[in-house]
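A short worksheet on the structure shown next.
The values are calculated or read from the model by the stated rules, or taken from the named source; none is laboratory data. Please read these numbers as outputs of a predicted model, since none were measured by experiment. Cβ: placed from backbone, ideal geometry, glycine included. Neighbour counts: every protein chain shown.
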Amino acid sequence: MSDWRAFAKLTLSLRVLGRRADGYHEIDALTVSVSEPHDELTIELGGSDVTLELSGRATTGVTAGRDNLAVRAVHALLATVDDARRPSGVRVAIRKEIPASAGLGGGSADAAAVLVALDHQLDLGLTADELALIAAGLGSDVPFCVRGGAARMRGRGERIDRATVPRFRVLVAVPPLSIATPAVYRAWDEMGGPVSTRVVRAPSGLGDLANDLEPAAERVEPRLAAFRTQLEATVSAPAILAGSGSACAVLYEHDADATTACDRVVAAAIASTCCVGVIRATGVEPVAVEP
Ligand code: C5P
């Protein structure tokens with residue numbers, strides 16, 4: 001049995017370059033793993049099947065069946081293992097704190113943690129390329145989650161180049177609004193592929209940040225714009241949309257007192273009316289780790 005942490009993926013900047021023939025979109029994104037929110041996984045070999053048990057504050061909209069990305073990750077990894085080493089079953093328990101449909105890659109982070117954990121537990125010694133290949137078969141964001149840290153994501157997201165980012169802190173605010181990623185990409189197509197002109201000045205060294213999916217996400221879920229505006233007014237700073245949303249993030253210099261901004265959000269009406277999700281000051285984290 002082993003315990004693992006799966007960190008949320010925060011997209012700091014996202015340019016959508018166009019729609020591909022396979023329906024996916026070519027992107028160029030700067031992404032980091034953040035310490036909060038994170039899920040906690042316990043993985044145990046044994047039993048006669050692959051089972052998943054969910055607990056925690058963020059289980060809404062998540063099912064524990066065969067279509068759960070963590071379960072699919074177990075099957076994908078076991079398919080590469082020879083009979084002698086393949087366990088009779090795997091029990092996965094996830095304490096979910098990363099909200100679903102918030103653009104924070106929670107399902108992808110869980111799947112990545114399963115791959116890394118089983119590789120470790122079964123002593124498979126998979127190379128980074130082998131893990132990345134299995135990860136890419138599960139979803140566009142899983143390869144990044146396997147690597148963690150900070151990275152440029154290209155292609156449909158599966159082409160990862162390590163990036164260097166300065167230390168910074170970020171406040172992640174999650175409204176109770178679920179936004180489905182495919183709907184946002186579809187809206188981006190319908191809107192003629194908009195390039196977002198709203199640019200957010202980030203802490204020094206990060207450059208100016210923009211998210212081309214923001215206009216599309218705000219069209220799919222019109223309450224999102226009101227949430228972001230309210231959040232920005234509360235903390236007196238601009239917010240970026242996390243991926244396809246609905247989470248929003250405010251970036252601070254690493255030595256800034258982001259906790260005060262957190263407290264202000266929690267204290268403000270925004271917390272009781274629309275922001276009841278995860279709000280934390282946090283830092284950049286490496287790949288899924290054993291705590
Ligand atoms: O790869 P994944 O299964 O996570 O993608 C979910 C959906 O998001 C895709 O089916 C597609 O509609 C959309 N998507 C996209 N372009 C990307 C990534 C995701 O259109 N680069």
| message | Suppose we filter Leu69, Leu14, Leu78 for residues that are more than 14 Å from the ligand (Cβ to nearest atom) and in contact (Cβ under 8 Å) with a residue 12 or more places away in the chain; which single one remains? | response | Leu78
| query | Looking at (1) more than 16 Å from the ligand (Cβ to nearest atom); (2) assigned to a loop (DSSP other than H, G, I, E, B); (3) surrounded by fewer than 21 Cβ atoms within 10 Å (Cβ to Cβ); (4) at negative phi, can you tell me which one Gly205 breaks? | reply | (4)
| field | 2 or more residues closer than 22 Å to Cys248 by Cα, touching a Cys at 6+ places or on another chain (Cβ under 9 Å) and away from the ligand (no atom under 16 Å from the Cβ): qualifying strands (runs of 3 or more DSSP E) within the stretch 103-199 | value | 168-173
| note | Picking from Thr282, Thr229, Thr259, Thr273, the residue that is over 30 Å from Gly18 (Cα atoms), at pLDDT 70 or above and among the polar types (S, T, N, Q) would be Thr259
| task | Evaluate the stretch 129-145: report whether one residue or more is surrounded by fewer than 18 Cβ atoms within 10 Å (Cβ to Cβ), closer than 26 Å to Gly245 by Cα and at pLDDT 95 or above. | result | yes
| message | Condition first: modelled with pLDDT under 95, touching a helix residue (DSSP H, G or I) at 6+ places or on another chain (Cβ under 8 Å) and small (Gly, Ala, Ser). Now tell me which residues in the stretch 68-100 satisfy that. | response | Ala100
| Any residue in the stretch 82-89 that is in contact (Cβ under 8 Å) with a residue 40 or more places away in the chain, touching a Pro at 6+ places or on another chain (Cβ under 9 Å) and at negative phi? | no
| remark: Going through (1) on the phi > 0 side of the Ramachandran plot; (2) surrounded by 14 or more Cβ atoms within 10 Å (Cβ to Cβ) one by one, Ala187 fails only at (1)
